[in-house]
Amino acid sequence: MPETTQGVNSVDIAVSIMEYIATQHGRARATDVAAGCGLSKSRLHKYLVSLCRTGMLFQDGSGQYCLGDTIVRLASSAATHTDPLSLINNLLCEFRDRMNLSTGMVIAQSGNLVLRHYHRSFRNVEIDFRDNTPIPLHLSAAGQVYMCFGNYTPANEREQQLIEETTKLGYAVRYKPAQGIPGAQSIACPIPDRKGNLLAIGVTMGFFEKEDIPDIARELKQALSTLKL
């Protein structure tokens, strides 16, 4: 029997808009979306308003439309068989898209820290890392988090003080530039499993204004706190 049921055309168009934005690394200008989806600007505007109102999209400071929190939550809820590290990585991608800040997921392997995945921001000037880059324990924000929340015994009074400061804040900041990356800073937050053990470390990195760091750190903590692992 041939299929005769008609669907809702507006739903098809809304999905095509989100699919197009997804193919543009999660962000696109309205003029590009209109051209890519074959819509007039006035017709597209109505869809963008509704998609933003429902949280499926949001408009960033530069005027581009980005995939929103609602679509990420729906994807996470549907991924019941997805491993926790994939869920973390997806959320860090969403944070990168929303904040336009580079992010990464750090894990401990055989007693060493490794940047398992790195997601570069869309800024013209940014730092770059390869996936699976080794991360130093004593010269990184991720290392500070590991000393605090991982299976680590402080070697001296300075490390103990650092652990206490990180525990109080719930995140760590590397203010001093790392060797070879002048001006770059990083913020790291712990990601525990259901038993409270350190599963991974969420990191955002780049060239921050010092006064913006507390707000960025709070945004990262809040985003990671929505994970259901």
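Can you tell which of Val203, Val145 is buried (at least 22 other Cβ atoms within 10 Å of the Cβ), more than 18 Å from Phe95 (Cα to Cα) and in contact with a strand residue (DSSP E or B) (Cβ under 6 Å, 6 or more places away or on another chain)?
Exactly one residue qualifies, and that residue is Val145.
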Next on the checklist: Can you tell me which condition Tyr175 does not meet? The list is (1) among the aromatic types (Phe, Trp, Tyr); (2) surrounded by fewer than 17 Cβ atoms within 10 Å (Cβ to Cβ); (3) touching a Leu at 6+ places or on another chain (Cβ under 9 Å), and all the others hold.
Outcome noted: (3)
Checklist entry - Of the residues that sit in the stretch 189-205 and are in contact with a Gly (Cβ under 9 Å, 6 or more places away or on another chain) and of a type outside the set (S, T, N, Q), which one is farthest from Val173 (Cα to Cα)? => result Leu198
Item to check | The listed residue being at pLDDT 90 or above, assigned to a helix (DSSP H, G or I) and out of contact with any His (no Cβ under 9 Å at 6 or more places or on another chain), out of Leu48, Leu74 | outcome: Leu48
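Do we find a residue being in contact (Cβ under 8 Å) with a residue 24 or more places away in the chain, of a type outside the set (A, V, I, L, M), surrounded by fewer than 16 Cβ atoms within 10 Å (Cβ to Cβ) and not in a strand (DSSP E or B) anywhere in the stretch 218-229?
Pass one, the stretch 218-229, residues in contact (Cβ under 8 Å) with a residue 24 or more places away in the chain: 219-221, 223-224, 226-229.
This time we only want the ones that are of a type outside the set (A, V, I, L, M), so: 219, 221, 226, 228.
Cutting the leftovers down to surrounded by fewer than 16 Cβ atoms within 10 Å (Cβ to Cβ) gives us 226, 228.
With the extra rule that they be not in a strand (DSSP E or B), the set shrinks to 226, 228.
Among the residues of the stretch 218-229, at least one is in contact (Cβ under 8 Å) with a residue 24 or more places away in the chain, of a type outside the set (A, V, I, L, M), surrounded by fewer than 16 Cβ atoms within 10 Å (Cβ to Cβ) and not in a strand (DSSP E or B), which makes the answer yes.
The values are calculated or read from the model by the stated rules, or taken from the named source; none is laboratory data. The shown structure was predicted, so the numbers you read here are calculated from the model rather than taken from an experiment. Here the Cβ is made from the backbone with ideal geometry for all residues, glycine too, and neighbour counts use every protein chain on show.
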